[in-house]
Amino acid sequence: MSEPASLYARFTLSHEQYQAFMSSAPARPAGFDDWQPWFDRQQMSGGNRVPPEILADLDAASVAEVVKAWREDAWTGTPPVEYDEIRRTLRIAMLQASENYHEMLRLLTPLRGAARFNDPDADDFVVILDFLWGEEEINACLRFGDGASRFEESCAPEHLDEARAYLQEAWDYLQNRAG
């Protein structure tokens with residue numbers, strides 16, 4: 001992969017759960033023991049070992065601070081983060097997340113912390129996929145449930161359809177803002 005992949009996340013959270021998640025300290029990369037198996041499934045230059053230094057904690061006081069930094073970075077193409085209180089749904093899109101698996105790990109970590117807050121029986125997920133460049137590559141697919149997140153070998157077709165539709169909305173939104 002040489003072009004940046006896109007990220008889409010959807011979480012089911014009550015207003016209180018949403019507030020608690022956004023106010024929480026970001027999850028720690030070392031708090032998850034499945035990074036290496038995910039890396040082992042990827043084709044990367046320079047080897048597939050998870051370097052210990054990328055498991056260092058994020059330098060942010062809250063998830064809200066992390067999301068704010070993503071939104072302020074014009075490179076990522078992150079439109080407004082959408083929380084729908086009626087549907088109890090938080091959706092995050094990042095059109096140009098990264099082409100680097102080490103950076104993807106750093107993007108996924110704070111999102112994985114949502115597992116402590118989302119509805120335990122919700123069908124929540126995060127996917128990193130090639131959206132902008134027209135290929136079908138899926139770089140990561142995480143499912144959430146029972147207070148945890150886990151990598152999936154494949155992504156459910158309905159999740160991919162939802163992600164692509166929302167990323168298209170994000171693309172259209174940014175194009176309309178650019179005039």
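The values are calculated or read from the model by the stated rules, or taken from the named source; none is laboratory data. A quick note: this is a predicted structure, and the numbers were derived from the prediction, not measured. When we count neighbours, we look across all protein chains shown, and the Cβ atoms used for this are built from the backbone with ideal geometry, even at glycine. SASA here: full protein model, heavy atoms, side chains in, ligands and nucleic acids out. Shrake-Rupley method; radii C 1.70, N 1.55, O 1.52, S 1.80 Å.
A few notes on this one:
- Which of Phe21, Phe151 is most accessible, then next, and so on - probe 1.4 Å: Phe151, Phe21
- Magnitude of the charge dipole for the chain, about its Cα centre and with charges confined to Cβ atoms of Lys, Arg (+1) and Asp, Glu (-1), is about 400 debye.
- Averaged over its residues, the chain has an accessible area of 51 Å² per residue, based on protein heavy atoms and a 1.4 Å probe.
- Amide H contacts of Ser98 (H built 1.01 Å from N, under 5 Å, at least 5 apart or other chain): Ala5
- Surface composition of the chain: carbon and sulfur atoms hold 47% of the protein heavy-atom accessible area at a 1.4 Å probe.
- Largest to smallest in accessible area, the residues Arg164, Arg112, Arg10 fall in the order Arg164, Arg10, Arg112 (1.4 Å probe, all protein chains included).
- Projected-area mean, the chain, by convex hull of Cα positions, square nanometres: 10.0 nm²
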